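The values are calculated or read from the model by the stated rules, or taken from the named source; none is laboratory data. In this text, all values refer to a predicted model and were calculated from it rather than measured experimentally. All Cβ positions, glycine included, derive from the backbone under ideal geometry; neighbour counts span all protein chains shown.
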């Protein structure tokens, strides 16, 4: 991949110095000129420009950056002059991690590669002993057999039996498949995962951030028992102010006022339920219907298409806030495409309410869904699905690579979506989709299938040609030069065929 930066323009007291990116420290300021690669991850301090992100994401549309926004190593500055403050050393930068991942992917061999390597280990001594037998045994036991003739036949047998076409072309094929995927913004961590994608029969999706955008917004506020809507929104914002959850963020954005933290006392997060806090000497409960039931709050479950945050103040039901999340633009097409590829079961897991999950599953045409799941219950559900499938079939779990790390690790193939700029995603998954497009999963499976098809073409053609000439050589019907041309020719054809994987042919 041609994304490795050659230098960085380091801003010093003496002016601009061209230095090795590995020598730049966190907090240093660098200058990125038009046409140059972004050498390290950082934050734009000054200037605006269009950045070519195709080397990282496979997307041809440039991305505009302005002061305050992040840039990643490996992007290419198109037109403007950028001043960037470095926030990661080169070894921890996105470009370094991607290069390391791709370069080391060949170390994780596919089962086919492992078989050929093991086959060659036993095949080579067998061929040597067979050639020795051809040269020695006939002159000893066959009347009229001439040693020179049989020695010549043994040489032909030895030349044509060389397994170089298999040993070279098969690893090259898988490496070509990994390279092709990387140019499409798909990072596959090894040939074993690329081959496993051929046997996928079931895909399990996390909902938020995978099938949906994960960009929540408050769409409705309902009040009860004499409470006012603005009071409900304010109490909810204060209660959620310490939370990092996207739903909490959406409530704070809707509130649009500063949070006076000295008003908050006795803050407590209740896992899988919500939050309890004391705000202005009032006890506030904010969370799902489970929290209301647990605290014996008298309220009815709202029939809304979205995530519901219920609120109780001093044990009295105050109302609820509806928060909605939009399905990604290409999710529906991705689901259709996966079904066309023969994926038998598409399942969604979510911690959201059953009504929301049912609505999303129906709109997308998913086969199954499981709602109101806690993080540990998602792991249990995936383990259940793994138990119920055939051993040769593979299950993919697609998540965001951060909150879903345990499930990613437990599935046959963990796929993290939106890995651009996410260290956790790159670390947790077996396959990383660098953009937020579910349709990239189709590209990954199609690349895997093309790789397998070409690898097996090489295996079959190589064995067929070699088998044919082995017989001719043993019978004395082929010359040494024909054997050499057959061996080199089939190896060359296999290599050229393997190179097709990286091209759209």
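Exactly one residue out of 226, 214, 179, 190 is without any contact (Cβ under 8 Å) to a residue 24 or more places away in the chain and surrounded by fewer than 22 Cβ atoms within 10 Å (Cβ to Cβ), and it is 226. Would you please list the contacts, defined by Cβ atoms under 7 Å and residues six or more apart or on different chains, that run from a residue in segment 477-494 that is in the same structural domain as residue 160 (by TED's automatic domain parsing) to a residue that is not in a helix (DSSP H, G or I)? As it stands, the answer is 487/162, since those pairs meet every condition given.
Checking residue 390 against (1) surrounded by fewer than 20 Cβ atoms within 10 Å (Cβ to Cβ); (2) in a helix (DSSP H, G or I); (3) at pLDDT 85 or above: exactly one of these is not met. Which one? Looking at each condition in turn, residue 390 falls short on (2).
Would it be correct to say that residue 398 is in a helix (DSSP H, G or I) and either at pLDDT 95 or above or surrounded by 19 or more Cβ atoms within 10 Å (Cβ to Cβ) (or both)? No, not satisfied. As a summary of the residue check, residue 171 satisfies the conditions (1) within 29 Å of residue 458 (Cβ to Cβ); (2) not in a helix (DSSP H, G or I) except for the one numbered (2).
Determine whether residue 195 is in contact with a strand residue (DSSP E or B) (Cβ under 7 Å, 6 or more places away or on another chain), more than 30 Å from residue 244 (Cα to Cα) and either crowded, with 21+ Cβ neighbours inside 10 Å or modelled with pLDDT of 90 or more (or both). So residue 195 does not fit the description; no. Residue count for segment 229-257 under the criterion of being outside any loop (DSSP other than H, G, I, E, B), under 17 Å from residue 270 (Cα atoms) and without any contact (Cβ under 8 Å) to a residue 12 or more places away in the chain: the result is 1. For residue 43, the conditions (1) without any contact (Cβ under 8 Å) to a residue 60 or more places away in the chain; (2) under 22 Å from residue 98 (Cα atoms); (3) part of a loop (DSSP other than H, G, I, E, B) all hold with the exception of (3).
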